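Values in this text are rule-based calculations from the coordinates and carry no lab data. Predicted, not measured: the structure shown is a model, and the values here were computed from it. Heads up, the Cβs are rebuilt from the backbone with ideal geometry, glycines too, and the neighbour counts pull from every protein chain shown.
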Number of protein chains: 2
Amino acid sequence: MIIYINYSLWIGIFASQLRHTMTRITVAKGDGIGPEIMDATLKIIMAAGADLEIEEIEVGEKVYLAGNTAGIAPEAWDTIRRNKVFLKAPITTPQGGGYKSLNVTTRKFLGLYSNVRPCVSLHPFVKTKHPIMDIVIVRENEEDLYAGIEHQQTDEVVQCLKLISRPGCEKIVRYAFEFARQQKRKKVTCFTKDNIMKQTDGLFHKVFDEIAAEYPDIENEHWIIDIGAAKMADTPEQFDVIVMPNLYGDVLSDVAAQITGSVGLAGSANIGETCSMFEAIHGSAPRRAGQNTANPSGLLQGAVMMLNHIGQTAIAEKVQNAWLKTIEDGIHTNDIYKEGTSKQSVGTREFADAVIANLGQEPSILKPVNYANSASLNLPTYKRKPAMKKDLVGVDVFVHWAGTDANELAAQVKRMETDHVKLTMITNRGIKVWPDGFQETFCTDHWRCRFKPSDGKLESKEIIGLLSTALDVNIDAVKTENLYAFDGKDAFSLGQGQ
Amino acid sequence: MIIYINYSLWIGIFASQLRHTMTRITVAKGDGIGPEIMDATLKIIMAAGADLEIEEIEVGEKVYLAGNTAGIAPEAWDTIRRNKVFLKAPITTPQGGGYKSLNVTTRKFLGLYSNVRPCVSLHPFVKTKHPIMDIVIVRENEEDLYAGIEHQQTDEVVQCLKLISRPGCEKIVRYAFEFARQQKRKKVTCFTKDNIMKQTDGLFHKVFDEIAAEYPDIENEHWIIDIGAAKMADTPEQFDVIVMPNLYGDVLSDVAAQITGSVGLAGSANIGETCSMFEAIHGSAPRRAGQNTANPSGLLQGAVMMLNHIGQTAIAEKVQNAWLKTIEDGIHTNDIYKEGTSKQSVGTREFADAVIANLGQEPSILKPVNYANSASLNLPTYKRKPAMKKDLVGVDVFVHWAGTDANELAAQVKRMETDHVKLTMITNRGIKVWPDGFQETFCTDHWRCRFKPSDGKLESKEIIGLLSTALDVNIDAVKTENLYAFDGKDAFSLGQGQ
């Protein structure tokens with residue numbers, strides 16, 4: 001079922017004052033408190049003059065329970081792809097039974113590479129231990145460990161691949177700097193663990209440095225994730241925009257949102273090269289549905305990000321300042337109402353009306369935002385770099401072996417050697433155990449055997465030869481990783497202790 | 001240079017009162033403030049009656065600068081391995097030039113699988129936003145992404161292997177519960193991301209549940225790391241002992257230490273099956289060296305953990321309570337001295353004397369510890385499980401290809417097929433792009449091609465055949481991952497969208 005509603009008709013008087021072109025967006029009202037907060041949100045942004053045509057789709061619980069495990073019908077999916085901009089209320093994913101998260105599906109298939117989470121304290125109106133906090137976490141959203149590529153190949157060891165790509169890094173880092181510039185922010189910080197993961201996180205850090213150089217007006221810095229996370233959790237006032245790989249961003253965006261004290265009031269954007277999705281970070285709260293008590297602020301924050309993203313920055317600024325003024329006026333829904341601080345307890349609709357009444361005003365205690373005259377984000381599509389010279393210089397053959405003495409394994413594996421290709425190292429969980437291992441090193445049944453050619457040049461067919469011999473001499477080779485040099489530089493890590 | 005000092009002679013009067021047997025430990029006084037804080041620490045624990053024979057080694061800056069890139073001479077290494085228990089002051093690793101972290105080397109080669117970090121607030125004596133906080137992070141210390149196995153195999157994509165092993169999980173989880181029992185703690189919490197990494201983090205969670213069942217006297221719970229980290233950073237009073245894989249533990253132990261407000265007062269233990277190392281978590285602070293101003297509390301906390309670990313729990317309790325009493329008396333070194341809260345500003349030596357004067361006393365505001373009568377930790381060495389039935393059921397061949405249309409790649413890769421083995425799926429960064437991909441899915445040059453046999457049974461030689469054909473038809477196969485079923489159950493992940 002697809003419902004077309006042209007809200008822009010009844011707010012035509014506002015829209016006519018604006019210069020930008022109308023944008024058609026897809027809206028899903030979702031489940032639980034979704035419809036109420038979506039109505040409130042749309043009412044506010046339309047009253048502010050958002051120039052939008054709205055096409056509504058149905059996703060979520062009803063669709064799941066009708067037997068669609070993705071929670072979305074193919075036609076609705078087509079609508080999202082056609083309109084490209086998607087404002088989504090929370091949905092309820094039924095428990096168990098193979099239902100897939102619509103968020104994960106949308107993010108993955110639409111290539112929404114950037115997850116953006118503003119985390120701001122509303123002190124003294126919302127309780128927090130961190131009164132001065134106004135940070136934005138920009139999280140890479142497609143790759144890293146969340147590619148979900150896992151294999152168990154021995155009795156004891158399971159593996160997950162962490163993939164970091166140059167386009168992935170370039171896109172997210174550029175987004176962070178463009179966002180910072182649009183929002184008139186001062187600094188972009190990068191968190192990685194590149195002292196340990198020198199190649200994967202090293203690539204992220206390297207790309208950060210490259211792109212930071214294109215934005216001399218914005219301060220930049222890099223922190224090792226452990227110390228950076230500690231500082232962020234303790235003194236968030238030191239940070240502004242923080243960009244990081246997927247896993248770190250997942251954890252730290254939740255930390256940052258939580259310590260603002262206003263996790264229920266936060267929105268989130270998911271940005272791709274062609275499509276984007278905006279939402280509240282909270283869930284559908286089915287038990288509170290239909291009571292006109294829910295706080296629409298989270299979804300409204302998502303909508304403000306949407307308006308900024310599509311270039312309606314003046315409307316975004318107007319809405320955000322009116323919202324801050326309303327919070328500051330003490331007009332609060334039940335979730336943040338507190339005797340002493342709050343002045344008036346209101347329902348969802350009344351809160352929306354209060355924000356609308358404040359349109360055109362600015363907060364005086366909370367910091368007003370200022371991005372009405374900012375340019376749109378400049379996000380060129382990724383251009384593939386010229387290929388480098390790639391030379392095969394060795395291979396890691398991983399062996400499943402239930403013994404304990406690496407010297408014994410070495411003796412067996414050496415039977416795979418040829419005149420040209422020799423065993424040079426065995427590691428267990430990355431620690432060199434042959435040659436010259438330590439007996440204290442604990443070994444699992446998962447051994448990496450590194451083979452290198454005597455002259456530095458390996459042929460692919462020699463790898464096939466090694467595997468054939470392994471089979472002949474009864475060595476259980478469970479996987480291979482080729483060793484390459486790119487433009488003459490080795491592009492693989494050494495063993496610990498090598 | 002190795003110096004033997006038998007401190008136990010001059011504290012013989014204390015030692016003679018104790019029942020446990022003397023333990024010989026290795027001590028390194030380190031660099032910067034190391035010697036001062038080590039002297040203070042040893043003086044306190046010996047005065048409390050610690051039954052130790054001390055063998056001193058030299059590690060750190062002098063050794064590095066003498067040309068030893070590991071920062072430790074082979075004889076010193078032998079001493080550590082012989083004595084098994086190592087109390088280490090902070091050292092200075094010279095900048096640049098291939099010097100290796102002695103901590104990493106020690107942890108890896110001695111199999112120190114458990115990193116233990118008590119993080120306690122000393123409110124109101126040390127400033128913190130979290131006055132009620134007394135948690136212990138137990139971090140797996142050997143595996144996970146920190147195995148450091150990285151490969152770049154295409155122009156665009158770099159990979160790091162996350163390895164999680166059953167013995168690794170069993171050892172760390174058991175340690176957490178044993179530690180909790182010894183320290184009379186109530187709850188052990190587990191953090192993982194097993195909703196995404198169902199096999200690797202799933203194994204950690206599964207082992208946690210198995211071992212938790214052996215400790216019915218201790219409460220247990222599991223949190224998804226993002227929400228768990230957010231809760232821990234905001235309301236640490238909800239947690240007690242928290243056990244987690246390496247990367248999460250690295251980040252969150254720094255967060256937890258930082259938010260206590262007393263990161264300079266924290267110690268850490270690194271525990272292996274045969275060896276162990278105890279230290280302060282702070283650095284060597286060379287600029288403050290030799291001034292009798294450093295706070296020895298961090299190293300003293302490490303020493304208390306050491307005493308507990310070797311079963312001298314009564315001495316550990318006595319030292320800890322005297323230390324808490326001293327903090328509470330307002331006798332503070334310069335780093336935590338604060339007008340109003342503190343009563344007396346003292347130097348390193350005077351602080352040690354004050355703790356000694358308090359031996360036998362307990363704090364009255366801070367919570368006294370109570371582990372004098374606790375049993376030693378029961379940490380059996382890992383016993384390998386019987387092998388499961390392992391069946392090869394397919395193979396993922398990863399291909400470097402600079403095209404963009406997955407259908408085109410599929411057509412090429414299908415030339416590798418045999419009557420028995422077929423291409424079933426192609427993913428890019430984990431997302432299914434063939435068959436039935438979406439054009440919005442951003443693709444790198446790193447493609448996973450999954451091959452499966454028509455009857456579910458693959459022979460190893462068929463993988464070799466696939467690779468040979470790939471070579472013949474000019475497909476750049478950069479790595480393989482075998483697909484196995486263990487005891488009849490598939491042990492690999494599906495593609496996103498499969």
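Figures for the structure shown
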item: Per-residue Cβ neighbour rank within 10 angstrom, fewest leading, B:S376, B:S114; result: B:S376, B:S114
item: Positive-end residue of A:C443, B:G298, A:A354, charge dipole of the protein assembly as shown with Cβ unit charges; result: A:A354
item: Bins of 10 Å from zero: percent of alpha-carbon pairs in the stretch B:128-270; result: 11, 41, 33, 12, 3, 0
item: Test item: Cα-centred dipole of the stretch A:385-474, Lys/Arg +1 and Asp/Glu -1 on Cβ, debye; result: 500 debye
item: Label-point separation, B:D419 to A:S376 (7 Å along Cα→Cβ), nm; result: 5.8 nm
item: Radius of gyration and maximum dimension Dmax of the stretch A:54-211, Cα, Å; result: 19.4, 55
item: Amide hydrogen neighbours beyond the local backbone of A:K479, cut-off 5 Å, H modeled; result: A:F398
item: Pairs of Lys in the stretch B:82-131 closer than 17 Å at Cα, counting only those 8 or more apart or on different chains; result: 4
item: Chain B, relative contact order [Cα under 8 Å, separation at least 6], %; result: 15 percent
item: Peptide-level mean, for A:484-492, of C-beta atoms on other protein chains within 10 Å; result: 3
item: Projected-area mean, the stretch B:395-467, by convex hull of Cα positions, square nanometres; result: 4.7 nm²
item: Taking the C-alpha atoms of the stretch A:447-493, convex hull volume expressed per residue in Å³; result: 90 Å³
item: Bins of 10 Å, starting at 0 and running to the largest distance - Cα pair percent for the stretch A:24-128; result: 13, 38, 34, 13, 2
item: Tail beyond 22 Å, pair distance distribution of the stretch A:213-334 (Cα, percent); result: 49 percent
item: Other copies of A:L494: label-to-label distances in nm, shortest first, labels 7 Å along the beta-carbon direction; result: 4.4
item: Local net charge near A:Q344, Cβ-Cβ under 11 Å (Lys/Arg +1, Asp/Glu -1); result: -1
item: Residue-averaged [θ]222 nm for chain A, counting only DSSP H segments that reach four residues, each worth -39500 (n - 2.57); result: -9500 deg cm²/dmol
item: Positive-end residue, the protein assembly as shown charge dipole about Cα centroid, Cβ charges, pick of A:N83, A:A176, B:G403; result: A:A176
item: Cut-off 12 Å between beta-carbons: net charge of the residues surrounding B:K206, Lys and Arg +1, Asp and Glu -1; result: -3
item: 10 Å binning of all Cα-Cα separations within the protein assembly as shown, expressed as whole percents from 0 upward; result: 2, 11, 19, 22, 20, 15, 9, 3, 0, 0
item: Which of A:S276, B:S460 has the fewest Cβ neighbours within 10 Å, and the rest in rising order; result: B:S460, A:S276
item: Along each principal axis, Cα extent of chain B, largest first, Å; result: 83, 51, 45
item: Chain A - charge dipole about Cα centre, Lys and Arg +1 at Cβ, Asp and Glu -1, debye rounded to 20; result: 920 debye
item: Ranked A:K29, A:K88, criterion: other C-beta atoms within 10 Å, fewest first; result: A:K29, A:K88
item: Peptide-level mean, for B:137-150, of C-beta atoms on other protein chains within 10 Å; result: 6
item: Projected-area average for the stretch A:276-412 over all orientations - Cα convex hull basis, square nanometres; result: 18.7 nm²
item: Debye equation applied to the C-alpha atoms of the stretch B:368-498, log10 I(q)/I(0) at 0.12, 0.16, 0.20 Å⁻¹; result: -0.52, -0.80, -1.15
item: Label point at B:S345 placed 7 Å out along Cα→Cβ; residues across the stretch B:35-56 whose backbone nitrogen lies under 11 Å; result: none
item: Stokes-Einstein diffusion coefficient of the stretch A:94-151, Kirkwood radius over Cα pairs, 10 °C, 1.306 mPa s, in µm²/s; result: 110 µm²/s
